[in-house]
Amino acid sequence: MLTLRPSDQRGFADHGWLQSFHSFSFADYHDVQHMGFGPLRVINDDVIAAGRGFGMHGHRDMEIVTYVLQGSLAHKDSLGNGASILPGDVQRMSAGQGILHSEFNDAAQGSTHLLQIWIEPTVRGIKPSYEQKHFSAADKRGRLRVVASPDGREDSVTLHADATLSVGLFDGDEGAELALNPARKAYVHVALGEVVVNGQALKAGDALKFEGESRLQIGQGRQAEVLVFDLAA
């Protein structure tokens, strides 16, 4: 079964310095029909104004993945990590027993566009940890590149969750196929551009839920950047 999650039906919050679309219930947006999908709990599509961001705040027992689409994001945390997250980077933060972090667009001008993703872990109370890796555009061009997985395969960041995230860039004749386990779930989120997934035309912000399906097909992209989650049911 395929279920469309249209971009324009997501939750939205306008904080002036922050424009945020919520694919699942988050903060003041609550929708019992969209509380998560398998262990995937949050996809926030955020645009942060120059010089603004989130001050130090805490998380526990959550796998947090940050994926920057445009601009840069300055990260600091209570483990002593400090880094700039750029387009192509995948940052994984395991909150575990508890972690504090801040996230800022520290540029003098220009917005930062990012996806922040929360995935429920398979283990709780672990020691918090941090990992960041870069994946080139060439490595994602016309294919689905694993960027986060439970076993760190293909040099991806390691998730303490039963979830695998792959990312691909598709334009023109470029396409990809992925065999799915019908006993699991899959979730496709279009970050940028337009693309056709299993015959369904999708635009930026749209998503497609897969349940009981055995194959995922992507093609007919127009400057598309696509995230594909393989998830425990």
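Give, as a single signed number, the net charge of other residues whose beta carbon lies under 13 Å from the beta carbon of LEU86, with Lys and Arg counted +1 and Asp and Glu -1.
That sum, taken over residues with Cβ under 13 Å, equals -1.
What's the extension gain from GLN220 to SER136 if we count 0.36 nm per residue and subtract their Cα-Cα distance?
28.1 nm
About its Cα centre, what dipole magnitude does the range 2-231 give when the only charges are +1 on Lys and Arg Cβ and -1 on Asp and Glu Cβ, stated in debye to the nearest 20?
Rounded to the nearest 20 debye, it is 260 debye.
Of PHE37, VAL197, PHE170, which is farthest towards the positive pole of the chain's charge dipole, taken about the Cα centre with +1 and -1 on the beta-carbons of Lys, Arg and Asp, Glu respectively?
Of the options given, the answer is PHE37.
Sorted by mean Cβ packing within 10 Å, highest first, what order do the peptides 52-64, 202-214 take?
With the highest mean Cβ count within 10 Å placed first, the list reads 202-214, 52-64.
Rounded to the nearest 0.05, what FRET efficiency is calculated for LEU79 and ASP151 with R0 set to 22 Å and r the Cβ-Cβ distance?
Plugging the Cβ-Cβ distance into 1/(1 + (r/R0)^6) gives 0.45.
Give the lysines whose C-alpha is closer than 25 Å to that of LYS203, dropping any in the same chain fewer than 8 places away, or say none.
Hits, sequence-local ones excluded: LYS140, LYS185.
Can you tally the net charge around SER129? Count Lys and Arg as +1, Asp and Glu as -1, for every other residue whose Cβ sits under 12 Å from the Cβ of SER129.
Surrounding charge for SER129 is -1.
Quick one: length gained pulling HIS30 to ALA183 fully straight, 0.36 nm per residue minus the C-alpha distance?
52.3 nm
Could you give the length gained on full extension between ALA108 and ASP171, defined as 0.36 nm per residue of separation minus the Cα-Cα distance, in nm?
19.5 nm
When you count, for each residue, the other Cβ atoms within 10 Å and take the mean per peptide, how do 76-84, 224-232 rank with the highest first?
Ranked from most to least packed, the peptides come out as 224-232, 76-84.
Computed from the coordinates by the stated procedures, all read-outs in this text should not be read as laboratory data. Because the structure is a prediction, the values reported are computed rather than measured. Glycine also receives a Cβ, built like all others from the backbone with ideal geometry; neighbour counts cover every protein chain displayed.
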